[in-house]
Ligand code: 1GP
C-alpha cells in the first residue's frame, strides 16, 4: 500500500469556503514549507469552490489531496494527488461511518488506488464537524486509544486523525492515540497557531495539520508552525 504521508510532518488544510489572508496567494501558502495540502471543509462546500482551490494549488510543488466532507463535493481533477476520505469513528449518526461512503461509491467510479481512509476521532463538541456528525466527544484518553486501535486493526485504516478543529486539544489524548498505533499514521489537527503548539503536538502526532490559521493569520504564522512541527 502506498503511504504518501510517510514523510509529512506538517499539512495545511485549506477550506474552500474561506478566503486567504489579505494580499496572500496560494503560491505563498505552498512556499511555507508545508509538506502537503488537504482541501476540505465541513460547511458551505460546493464542487465549484473545491475546483477553484484545487486548480489554483495544483501548479506548485506541494502534493494536493482532497478531503471531501460529503460525496457531492468530490471532484476529479488532474492536479489532485489523491483523496483522503474521513470516517468519523465516534459519530452518533452512522451515515458518517459508512453511509456517505456507500452513496459516493454508488455515484462515482472511485479510483481506489488514489483513495486513502482516515479514521477521525472528533473531540471538540463546539466544532461544526462534531455537530454535523453528532459526535460523542466526551472521551477519555483510553477511549481515544481504543478508537485508534480499532481504526488500525479492525478497520485497516492507514491514517488516524485526532480532530480538535477550532481549539487546541489535550496532548495526553494525542499521546494515548500515538501509543496505541503500530503502523497507521497519526494526524493531529486543532488550534495549532504558533511554534510551540505545533511542536507540542508534533511530539506525539506524525503529522500536524493547520487549518484556520492560514485563513485568519496568514503564511508567516503558518511558517512558524512548520518549524515547530519539524523540530518536534
Ligand atoms: C481542521 O484539524 C483541522 O479540520 C485544523 O484545525 O482549523 O483549528 O487549525 P484548525
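The values are calculated or read from the model by the stated rules, or taken from the named source; none is laboratory data. Source: prediction; values computed, not measured. Don't worry about glycine lacking a Cβ; one is built from the backbone with ideal geometry, like all the others, and counts go over all protein chains shown.
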Could we say that residue 168 is out of contact with any strand residue (DSSP E or B) (no Cβ under 7 Å at 6 or more places or on another chain), within 15 Å of the ligand (Cβ to nearest atom) and under 20 Å from residue 135 (Cα atoms) here?
-> yes
Scanning the stretch 194-212 for residues that are closer than 21 Å to residue 129 by Cα, crowded, with 19+ Cβ neighbours inside 10 Å and near the ligand (Cβ under 10 Å from one of its atoms) gives 208, 209, 210, 211
So which of 22, 86 ends up being out of contact with any helix residue (DSSP H, G or I) (no Cβ under 6 Å at 6 or more places or on another chain) and away from the ligand (no atom under 13 Å from the Cβ)?
-> 22
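Residue-wise test of (1) surrounded by fewer than 20 Cβ atoms within 10 Å (Cβ to Cβ); (2) modelled with pLDDT of 95 or more; (3) closer than 15 Å to residue 87 by Cβ.
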| position | (1), (2), (3) |
| --- | --- |
| 144 | no, yes, no |
| 156 | yes, yes, yes |
| 173 | no, yes, no |
| 187 | no, yes, yes |
In the stretch 96-109, how many residues are under 23 Å from residue 145 (Cα atoms) and in a helix (DSSP H, G or I)?
-> 1
Quick one: is residue 159 touching a strand residue (DSSP E or B) at 6+ places or on another chain (Cβ under 6 Å), under 19 Å from residue 32 (Cβ atoms) and within 16 Å of the ligand (Cβ to nearest atom)?
-> no
Whichever residue in the stretch 39-57 is surrounded by fewer than 21 Cβ atoms within 10 Å (Cβ to Cβ) and out of contact with any helix residue (DSSP H, G or I) (no Cβ under 9 Å at 6 or more places or on another chain) and, among such residues, is farthest from residue 130 (Cα to Cα) = 55
Only one of (1) in contact (Cβ under 8 Å) with a residue 60 or more places away in the chain; (2) surrounded by 22 or more Cβ atoms within 10 Å (Cβ to Cβ) is not met by residue 216, so which one is it?
-> (2)
Note on the stretch 171-192: residues within 15 Å of the ligand (Cβ to nearest atom) and touching a strand residue (DSSP E or B) at 6+ places or on another chain (Cβ under 8 Å) are 173, 174, 177, 185, 186, 187, 188, 189, 190, 192
Can you tell me which residue in the stretch 132-142 is surrounded by the most Cβ atoms within 10 Å (Cβ to Cβ), limited to those that are over 17 Å from the mean Cα position of the chain (by Cα) and not in a loop (DSSP other than H, G, I, E, B)?
-> 141
